[in-house]
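The values are calculated or read from the model by the stated rules, or taken from the named source; none is laboratory data. Bear in mind that the values here come from a model prediction, so they are computed numbers and not experimental data. Cβ placement follows ideal geometry from the backbone for every residue including glycine, while neighbour counts extend to all protein chains displayed. Surface areas here come from the heavy atoms of the whole protein model, side chains and all, with no ligands, DNA or RNA. Shrake-Rupley method; radii C 1.70, N 1.55, O 1.52, S 1.80 Å.
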Amino acid sequence: MTRSFYITTPIYYVNDVPHLGHAYTTIAADALARYHRARERDTYFLTGTDEHGQKIEEAATARGKTPQALADDVVERFRDTWRVLAVSEDDFIRTTEARHKRVVADMWNRLEAAGDIYLGRYDGWYCVSCEAYYAAGNLEDGDRCPVHKRPAAWVSEPSYYFRMSRYEQALLRHFEENPTFVQPESYRNEIVSFIKGGLRDLSVSRTTFGWGVPVPGTDDHVIYVWIDALTNYISALGDIGSEKYERYWPATCHLIGKDILRFHAVYWPCMLMSAGLPLPDTIYTHGWWTVRGEKMSKSMPATRVDPNLVAGDISADALRYFLLREVPLGLDGDFTYEALIGRYNADLANDLGNLLNRTLTMTVKFLGGDLPAARAELADSEPHAGMRRVAVDAVKEAGDAFEAYAPSRALEAIWRLVREANRYVDTAQPWKLAKDPDRRAELEHTTHGFLEALYWAARMVAPVMPVKAAEILAQLGLGEDAAARAMARWPDASLAGKDLPAGLTVTKPTPLFPRIDDARAAELLERWVPEDAKAEP
Ligand code: MSP
């Protein structure tokens with residue numbers, strides 16, 4: 001039996017409502033989970049919220065709320081956004097849940113039992129926005145955190161330490177023996193040189209605020225929020241040793257943004273080694289989106305892209321497609337609404353939408369809507385054989401790309417098929433074939449060819465565009481169950497020419513991606529760009 005596929009997103013802080021960055025990680029993880037489900041792997045997909053720590057406590061105080069009340073409000077915004085964006089998580093973990101806190105305490109006890117916890121003092125810098133400790137030498141302009149450019153706080157308090165230094169060599173060995181532990185390779189190299197610079201013991205408890213999981217056996221220490229947060233990947237499965245834990249741990253992939261690589265690729269594996277637990281297979285690190293060249297920031301409304309708003313106007317699937325197609329998963333990218341609309345018109349309205357439209361229209365017009373069978377005697381002649389070769393290659397290439405965490409490459413391969421199918425229609429000219437009763441077999445064979453291409457394209461884009469894929473299949477005449485079954489299986493290239501279900505009837509198409517003309521684009525920009533951002537020069 002192939003091993004299960006367990007993929008996670010970071011758990012998101014509840015001091016902020018979901019924005020484009022959160023949506024990106026979650027959509028990428030969702031597409032990968034959906035792909036692996038279609039390969040019939042035992043897949044588990046986890047997301048959730050990170051609700052403890054000083055940052056959340058301070059955000060709640062600033063809003064005149066308790067941290068729990070803040071978390072209870074914001075968690076709904078995340079859940080709602082994931083519904084809007086067609087995210088198919090199997091579980092949603094909140095770090096304030098009892099099931100989580102129990103495992104965090106267990107984890108602590110394991111580190112302690114390993115002799116890796118000792119009491120000391122922390123006198124140093126702390127950035128509340130990062131929830132991270134900083135050595136003075138790593139700050140800018142004296143006291144500013146290099147990430148947030150805001151002053152870090154000087155902290156002086158008793159603190160428990162985790163003997164992370166003890167795991168330096170073992171961790172380096174793990175990187176050597178598992179070259180794909182951190183991907184892409186540039187991030188692997190970055191983290192390996194960080195570890196080679198030497199690992200210091202880590203302060204893992206705080207006493208100057210109370211919003212967290214208590215250190216077992218104390219009444220004044222709370223566990224450092226990253227120790228608490230990272231444990232979600234296990235606590236969501238249940239207690240260590242539980243049935244779900246045995247079934248899914250170690251995780252196949254923690255998908256994360258590059259900002260939190262060190263926590264995942266250093267702290268977490270050291271904790272797991274100390275606790276005697278296996279390490280995840282892969283930490284896949286994606287890049288960072290800027291918006292119109294600027295870093296996303298609460299103080300700059302123009303950088304606040306609301307995925308709910310965009311999805312509401314042009315569909316969640318269009319946003320999902322754009323984010324995964326525009327930039328390869330490991331690289332940084334810049335988001336502009338103009339690029340989004342440009343790609344929507346070119347790839348979705350023109351290429352895919354047009355393929356659906358013209359092929360269904362012709363099937364209705366020339367064959368009364370009945371899906372014909374392929375003709376064995378024509379299979380090896382051109383342009384039919386060429387169409388089939390492209391389709392078979394696309395299934396393989398798109399599959400390989402998804403396996404390699406490269407959804408953008410998968411979409412490129414699928415688009416080679418979509419474009420080839422449009423070209424095939426142009427070359428085979430069904431409208432001419434339809435005029436000549438002697439060429440009926442060719443007409444049927446061609447129609448079968450482009451409809452099967454569409455059928456495969458729909459099933460292959462389903463991990464990225466689950467809603468539109470289902471709509472394409474419905475327009476191809478598949479009932480709801482048949483469409484769901486088709487989407488639950490990746491196309492089998494060896495079935496080319498006989499995969500399209502027989503006996504279906506298509507009706508006149510409904511446009512999936514209505515073109516956004518200039519007037520509509522202006523209207524959308526007006527809606528999407530916040531008022532105060534427009535006032536800026
Ligand atoms: N709570 C921690 C993670 C704990 S995981 C055990 C945290 N939360 S966060 O709310 O700040 O979300 C961080 C994640 O959101 C990033 O790692 C990244 O996946 C995603 N992104 C946030 N802003 C982003 C961009 N501008 N671009 C791309 N992804 C971004 O850190």
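Here are the numbers for the structure shown:
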{"quantity": "Projected-area mean, segment 10-164, by convex hull of Cα positions, square nanometres", "calculated": "11.8"}
{"quantity": "Cα gyration tensor shape for the chain, rounded if a/c is under 1.5, else prolate or oblate", "calculated": "prolate"}
{"quantity": "Within the accessible area of the chain (1.4 Å probe), percent carbon and sulfur", "calculated": "50"}
{"quantity": "Charge sum, other residues only, whose C-beta stays under 11 Å from Thr180's C-beta, Lys/Arg counted +1 and Asp/Glu -1", "calculated": "-2"}
{"quantity": "Per residue accessible area of segment 254-338, 1.4 Å probe, in Å²", "calculated": "30"}
{"quantity": "Gyration tensor verdict on segment 5-287 (Cα atoms; rounded if a/c is under 1.5, prolate if a/b is larger than b/c, oblate otherwise)", "calculated": "rounded"}
{"quantity": "Spacing of the two label points (7 Å from each Cα toward its C-beta) at Glu526 and Arg247, in nm", "calculated": "5.2"}
{"quantity": "Local electrostatic count at Thr285 - Lys and Arg +1, Asp and Glu -1, tallied over other residues with Cβ under 15 Å", "calculated": "-2"}
{"quantity": "Efficiency of FRET from Cβ geometry, Ala113 and Glu58, R₀ 35 Å, rounded to 0.05", "calculated": "0.55"}
{"quantity": "Beta bridge orientation in the chain: antiparallel %, DSSP, nearest 5", "calculated": "50"}
{"quantity": "Inter-part distance where segment 343-362 and segment 291-330 are each reduced to a Cα centre, Å", "calculated": "23"}
{"quantity": "Difference of contour (0.36 nm per residue) and Cα-Cα distance, Ser297 to Arg439", "calculated": "44.9 nm"}
{"quantity": "Nearest 10 degrees, 0 to 90: helix 518-528 Cα axis against the chain principal axis", "calculated": "20"}
{"quantity": "Prolate/oblate/rounded call for segment 92-149, Cα gyration tensor, a/c under 1.5 rounded", "calculated": "oblate"}
{"quantity": "Helix axis angle, 168-177 relative to the chain longest principal axis, alpha carbon, degrees", "calculated": "20"}
